[in-house]
Amino acid sequence: MNDTSHDPPPTVLDLIDEAVAAAKRAAHACRDERAREHFEFALALIRESWIAESGQEARSAGQVVADVRSAMNLFAAVFNRKEGH
């Protein structure tokens, strides 16, 4: 039997990585487009927290949300153009 009580606790970055992985799985499982959209914002914010926690210069939450919104608008425009709308 393995005694894992001597394993070091996960770091904050490890925990953030786990949160990203769980959010990705949940986003891919969503059937509702609006729910997936919310996960895109959440994933971007969680990833930005990894950047901040690692000591790098992170964007503000407002900047992250604006960037995700811009990307989603761009993807929607490309999709609509591709579909002939």
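Observations
- Number of positions in the stretch 1-31 that are in contact with an Asp or Glu (Cβ under 8 Å, 6 or more places away or on another chain) and surrounded by 14 or more Cβ atoms within 10 Å (Cβ to Cβ): 2
- Pairs linking a residue in the stretch 15-31 that is more than 13 Å from ALA42 (Cβ to Cβ) to a residue that is hydrophobic (A, V, I, L, M, F, W, C), with Cβ atoms under 9 Å and 6 or more positions apart or on different chains, are ASP17/TRP50; HIS28/PHE39.
- Looking only at the stretch 32-84, and only at residues there that are surrounded by 15 or more Cβ atoms within 10 Å (Cβ to Cβ) and small (Gly, Ala, Ser), the one that is farthest from the chain's Cα centre (by Cα): ALA58
All of the numbers you see were taken from the coordinates with simple rules; none came from a lab. Everything numeric here is computed off the predicted structure, so don't read it as measured data. Cβ sites come from the backbone with ideal geometry, for glycine too, and all protein chains shown count toward neighbours.
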